[in-house]
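Taking it in order: structure first as C-alpha cells, then the write-up.
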Amino acid sequence: MKVIEGLENAPLFKEGSYATIGIFDGVHLGHQKILRNLKNMSGARDITLLLTFTPHPVKFFNPDGRFYEISSITDRARLVEPFGIDYFVVADFSAGIAEMSPKIFIDEVLVGRLGVKGVVVGYDFVFGKGRKGDISFLKDMGKEQGFRVEVTEPVMFMGSIVSSTRIRELIFSGRVREASLFMGREFEVMGKVVHGSGRGRTIGFPTANVEFKQELLPL
C-alpha cells in the first residue's frame with residue numbers, strides 16, 4: 001500500500017479507481033466491513049484507495065475542545081494495509097476543504113482527481129460544507145457522472161452500533177476489554193520508555209515508565 005500525504009500529490013487515476021472516504025479512526029469492525037466491501041466492488045486489477053483527512057474535522061472546527069483520537073494517521077495506515085488497499089491518501093482538512101460544497105467535492109476531488117468508478121461509504125456518511133452532502137445526493141451524482149455507490153450497513157455488537165464514538169467512550173471509562181471487542185483486536189498503547197524515579201527497585205521488581213504520544217488513554 002502506498003501512503004500519499006497531500007491530495008495534490010495523489011496521481012490522476014486515468015484508468016479510474018474505487019474509493020472509500022472517511023476518518024477511519026480506530027479501524028474498527030465497521031471500518032473493516034467497508035474495506036472488505038470496497039475490495040469486493042473493485043475488480044482484481046482495479047485500483048482501490050482510501051481518502052482520509054487530518055486533522056480530524058472535529059479538531060479543525062473546535063481546536064480547543066476535549067476530543068481524543070483513537071489512532072494516529074500512521075497507525076491507521078498500518079491497520080488498513082492488510083486489507084489490500086492500494087493507496088492511502090491523506091488530505092489536509094483545511095478551510096478550502098471545509099468550505100467545499102458537496103458538488104464541488106465530487107467534481108474536483110472524487111471525479112476530477114481520483115477518477116472514481118465506484119465509491120463505498122458507511123451508512124452515516126456526510127460530506128461537504130455544512131455536512132450538506134448525504135448518501136442520496138452522492139447516489140444521484142453517481143448516476144449523473146457514471147460511478148457506482150455502495151452503502152455499508154452498520155455493524156452491531158452487544159446491542160450497540162460499532163462506532164469510533166462508542167469505542168472512545170469505552171476506553172476513556174477504562175472498559176478496554178470491551179472496546180477491544182468492538183475494534184476486532186486488542187487496544188494498544190505505545191510510547192517511549194523513559195527513566196522514572198527508581199521506586200521499582202525498592203519494591204522488588206522493575207517497572208516501565210512510558211511517555212505516551214497518543215491522545216486517548218484508558219482511565
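What the table below lists for this structure:
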{"item": "Residue tally, condition under 14 Å from ARG76 (Cβ atoms) and in a loop (DSSP other than H, G, I, E, B), over the range 1-40", "result": "8"}
{"item": "Any chance ILE104 is over 18 Å from SER42 (Cβ atoms), of a type in the set (Val, Ile, Thr) and loosely packed, with under 15 Cβ neighbours inside 10 Å", "result": "yes"}
{"item": "Subset of the range 175-200 (residues that are assigned to a helix (DSSP H, G or I) and out of contact with any strand residue (DSSP E or B) (no Cβ under 8 Å at 6 or more places or on another chain))", "result": "VAL176, ARG177, GLU178, ALA179, SER180, MET183, ARG199, GLY200"}
{"item": "Checking ARG177 against (1) more than 30 Å from VAL155 (Cβ to Cβ); (2) without any contact (Cβ under 8 Å) to a residue 12 or more places away in the chain; (3) touching a Phe, Trp or Tyr at 6+ places or on another chain (Cβ under 9 Å), the condition it does not meet", "result": "(1)"}
{"item": "All positions within the range 127-153 that are out of contact with any Lys or Arg (no Cβ under 7 Å at 6 or more places or on another chain), outside any helix (DSSP H, G or I) and open to solvent by less than 50 Å² (accessible area, probe 1.4 Å)", "result": "PHE127, GLY128, GLY133, VAL151"}
{"item": "Conditions (1) in contact with a strand residue (DSSP E or B) (Cβ under 6 Å, 6 or more places away or on another chain); (2) modelled with pLDDT of 95 or more; (3) farther than 25 Å from PHE212 by Cβ; number of the one not met by GLU5", "result": "(3)"}
{"item": "Residue that is nearest to the chain's Cα centre (by Cα), among those in the range 36-60 that are within 21 Å of PRO154 (Cα to Cα) and open to solvent by 50 Å² or more (accessible area, probe 1.4 Å)", "result": "ARG36"}
{"item": "Leading residue by the ranking (most open to solvent (accessible area, probe 1.4 Å)) among those in the range 175-205 that are touching a Ser or Thr at 6+ places or on another chain (Cβ under 6 Å) and at pLDDT 85 or above", "result": "GLU186"}
{"item": "Subset of the range 91-108 [of a type in the set (Val, Ile, Thr) and at pLDDT 95 or above]", "result": "ILE104, ILE106"}
{"item": "Per-region count, the range 1-28, residues open to solvent by 50 Å² or more (accessible area, probe 1.4 Å) and of a type in the set (A, V, I, L, M)", "result": "3"}
{"item": "Residue within the range 62-75 that is surrounded by 20 or more Cβ atoms within 10 Å (Cβ to Cβ) and at pLDDT 95 or above present", "result": "no"}
{"item": "Residues satisfying the stated conditions in the range 156-174, i.e. assigned to a helix (DSSP H, G or I), of a type in the set (A, V, I, L, M) and either touching a residue at least 24 places away in the same chain (Cβ under 8 Å) or loosely packed, with under 12 Cβ neighbours inside 10 Å (or both)", "result": "ILE167, ILE171"}
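The values are calculated or read from the model by the stated rules, or taken from the named source; none is laboratory data. Please read all numbers here as calculations on a predicted model, not as lab measurements. Ideal geometry is used to build each Cβ from the backbone, glycine not excepted, and the neighbour counts take in all protein chains shown. Side chains included, ligands, DNA and RNA excluded: accessible areas come from the protein's heavy atoms. Shrake-Rupley method; radii C 1.70, N 1.55, O 1.52, S 1.80 Å.
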